[in-house]
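Worksheet: one structure, shown below.
The values are calculated or read from the model by the stated rules, or taken from the named source; none is laboratory data. What you see is a predicted model, and the numbers here were worked out from it, not measured in a lab. Neighbour counts run over all protein chains shown; Cβ positions are idealised from the backbone, glycine included. Heads up: the accessible areas ignore ligands, DNA and RNA and are worked out on the full protein's heavy atoms, side chains in. Shrake-Rupley method; radii C 1.70, N 1.55, O 1.52, S 1.80 Å.
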Amino acid sequence: MVASMTDASFMDLALVQARAAVAAGEVPVGAVIVKDGQVVATGRNASIGSHDPTSHAEIVAMRSAANILGNYRLDGCDLFVTLEPCAMCSGAMLHARLNRVVFGAADPKTGAAGSVVNLFDNTTLNHQTRVEGGVQSEACSAVLQEFFRNKRSEQDQQRRALHPLREDALRTPDAQFAGLPDYPWEPRYVSDLPVLDGLRMHYLDEGPVDADRVYLCLHGNPAWSYLYRKMIPVFLQAGHRVIAPDMVGFGKSDKPKRESAHSFSFHRQTLLELIERLDLQGVVLVVQDWGGLLGLTLPIAMPERFAGLVVMNTMLATGDTALTPGFLAWREMCAKKPEFDIARLFARSNPGLSEAEWLAFAAPFPDRGHRAATRAFPGLVPDHMESDGAAVSRQARGYWQTQWRGPTLMAVGMKDPVLGPRVMETLHSQIQGCFAPLFFAEEGHFLPEVGAPLAQAALQFMDSP
């Protein structure tokens with residue numbers, strides 16, 4: 001009991017150092033080194049201020065202790081640190097021959113004392129340092145959590161200053177997107193495209209800027225870029241660039257309050273202007289649902305930018321053919337239940353999703369005010385010759401039938417009641433050179449949820465001679 005209390009008191013001193021790091025603008029990690037019950041040295045994170053990637057709290061404390069004791073070997077010393085040490089610090093601790101390392105909060109991303117790896121557990125090393133974790137873990141975690149919460153708040157304020165919110169729009173709070181599973185990418189925003197007129201549009205932009213191939217992943221209604229979270233890592237691992245925008249009204253993009261703000265032409269123009277702004281070349285168009293209704297019309301405006309197509313459960317709405325009974329049933333349901341449960345829709349459509357995943361799809365829409373787009377989109381699908389978007393869709397149909405020369409991979413979720421096999425059979429006949437589709441017998445509408453196998457198939461297909 002006495003040893004535990006002593007450890008707790010020394011960790012309190014390390015927490016003092018962690019709070020000093022906050023005051024200096026550093027990540028709050030603090031350390032103290034103790035020998036024979038006395039504090040020999042202290043340290044705090046200093047990498048940012050010193051421009052030194054090795055200036056972690058533990059390293060700073062060990063350097064100070066070595067100078068004070070006159071020996072780089074710290075025999076008989078215990079080190080207390082508020083966060084589980086990383087691999088660099090763990091290696092230095094073993095080299096210094098510390099007697100014991102005591103840490104507070106575990107680090108599930110880079111911890112090298114058991115969370116990710118355990119360098120202290122290697123019995124082939126010529127020195128063994130004991131490790132104990134979890135001392136004052138709640139207090140140590142709280143300091144870190146408060147620091148990053150404040151950082152996110154500052155970043156949010158900066159983004160708002162760069163992209164002020166229009167009075168006729170809403171912006172989903174960042175807290176709605178905290179901790180989403182498998183969605184680690186940094187948000188990027190644009191609000192100065194002419195068509196946006198100050199609305200903030202979110203997009204992901206990952207991978208090398210100079211990559212030869214760019215996978216442009218376009219979502220539908222009521223999804224957002226989260227739909228592609230399982231495919232994006234495969235494209236990135238292959239060395240490609242990935243762009244995944246959230247259409248205005250969806251995801252992390254601003255949400256106009258009025259349904260009338262949405263139109264086929266408006267959303268098509270936002271995509272065209274985003275492609276031009278980012279100067280995308282060698283684009284492989286990856287589309288599903290509304291991502292296809294809009295995306296399949298883009299190459300006619302800039303054919304030189306497009307090099308391939310991955311098309312899933314979508315259509316060209318040309319206005320000269322009747323919409324399918326499945327789609328009309330969907331439209332009727334949306335009209336009768338305009339605030340339908342988005343999370344439940346994804347749970348029902350994809351039984352393999354975790355609760356956290358289907359809730360993530362609903363995260364952008366915390367209340368009715370944020371859902372103008374989900375209410376508007378079913379009625380925006382062109383259903384007669386003069387509908388907005390119908391003429392450009394007919395033009396696109398001609399392009400795909402006679403001018404397209406790139407590789408096309410079609411994948412079909414066979415259990416989709418809205419844009420399923422019958423619709424995709426028609427689309428297949430409209431795309432010149434489209435090979436036999438990949439059929440996924442047990443999958444429904446949201447086919448990108450297949451994830452890595454589908455992304456790998458796309459890579460192999462695009463790389464085929």
Checklist entry - Among the numbered criteria (1) open to solvent by 40 Å² or more (accessible area, probe 1.4 Å); (2) of a type in the set (Gly, Ala, Ser); (3) within 32 Å of the chain's Cα centre (by Cα), which single criterion is violated by Ser47? => result (1)
Checklist outcome for this item: When every residue in region 222-245 that is surrounded by fewer than 22 Cβ atoms within 10 Å (Cβ to Cβ) and in contact with a strand residue (DSSP E or B) (Cβ under 8 Å, 6 or more places away or on another chain) is compared, the one nearest to Asp212 (Cα to Cα) is His240
Item to check | Selected residue (only one of Gly291, Gly308, Gly326 is in contact with a strand residue (DSSP E or B) (Cβ under 6 Å, 6 or more places away or on another chain), open to solvent by less than 60 Å² (accessible area, probe 1.4 Å) and in a helix (DSSP H, G or I)) | outcome: Gly291
Next on the checklist: Suppose we filter region 305-339 for residues that are free of Cβ contacts under 8 Å to residues at least 12 places away in the same chain and among the acidic types (Asp, Glu); how many remain?
Outcome noted: 1
Item to check | Matching residues, region 91-113, being open to solvent by 50 Å² or more (accessible area, probe 1.4 Å) and either hydrophobic (A, V, I, L, M, F, W, C) or part of a loop (DSSP other than H, G, I, E, B) (or both) | outcome: Arg97, Asn99, Ala106, Pro108, Lys109, Thr110
Next on the checklist: For the structure I just gave you, tell me whether Cys86 is within 19 Å of Phe120 (Cα to Cα), open to solvent by 20 Å² or more (accessible area, probe 1.4 Å) and modelled with pLDDT of 95 or more.
Outcome noted: yes
Next on the checklist: Can you report the number of residues in region 399-429 which are out of contact with any helix residue (DSSP H, G or I) (no Cβ under 9 Å at 6 or more places or on another chain), open to solvent by 10 Å² or more (accessible area, probe 1.4 Å) and either in a helix (DSSP H, G or I) or aliphatic (A, V, I, L, M) (or both)?
Outcome noted: 5
Checklist outcome for this item: Filtering region 135-151 down to residues that are open to solvent by 40 Å² or more (accessible area, probe 1.4 Å) and within 26 Å of Arg73 (Cα to Cα) yields none
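Scan region 164-192 residue by residue and report those that are in a loop (DSSP other than H, G, I, E, B), of a type in the set (Phe, Trp, Tyr) and either touching a Phe, Trp or Tyr at 6+ places or on another chain (Cβ under 9 Å) or open to solvent by 70 Å² or more (accessible area, probe 1.4 Å) (or both).
To start, the set of residues in region 164-192 that are in a loop (DSSP other than H, G, I, E, B) comprises 164-168, 171-173, 178-187, 191-192.
Then keep just the ones that are of a type in the set (Phe, Trp, Tyr); that gives 183, 185.
The answer is Tyr183, and nothing else.
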Checklist entry - Give me the pairs: first residue in region 430-441 and in a loop (DSSP other than H, G, I, E, B), second residue open to solvent by less than 30 Å² (accessible area, probe 1.4 Å), beta-carbon distance under 6 Å, and six or more apart or on different chains, which are they? => result Ile431/Trp400; Ile431/Thr408; Gln432/Trp404; Cys434/Thr408; Cys434/Met410; Pro437/Met410; Pro437/Val412
Next on the checklist: Given the condition without any contact (Cβ under 8 Å) to a residue 60 or more places away in the chain, among the hydrophobic types (A, V, I, L, M, F, W, C) and closer than 26 Å to Gln155 by Cα, answer yes or no: does some residue in region 213-226 qualify?
Outcome noted: no
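Only one residue in His202, His127 is assigned to a loop (DSSP other than H, G, I, E, B) and either open to solvent by less than 40 Å² (accessible area, probe 1.4 Å) or more than 24 Å from Ile232 (Cα to Cα) (or both), so which one is that? Can you show your working first?
Details: His202 fails: assigned to a loop (DSSP other than H, G, I, E, B).
The match here is His127.
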Checklist entry - Restricting to region 23-40, what's the tally of residues that are within 11 Å of Ala57 (Cβ to Cβ) and either in contact with a strand residue (DSSP E or B) (Cβ under 8 Å, 6 or more places away or on another chain) or among the charged types (D, E, K, R) (or both)? => result 7
Checklist outcome for this item: Picking from Val284, Val248, Val242, the residue that is within 22 Å of Pro378 (Cα to Cα), of a type in the set (A, V, I, L, M, F, W, C) and in contact (Cβ under 8 Å) with a residue 12 or more places away in the chain would be Val248
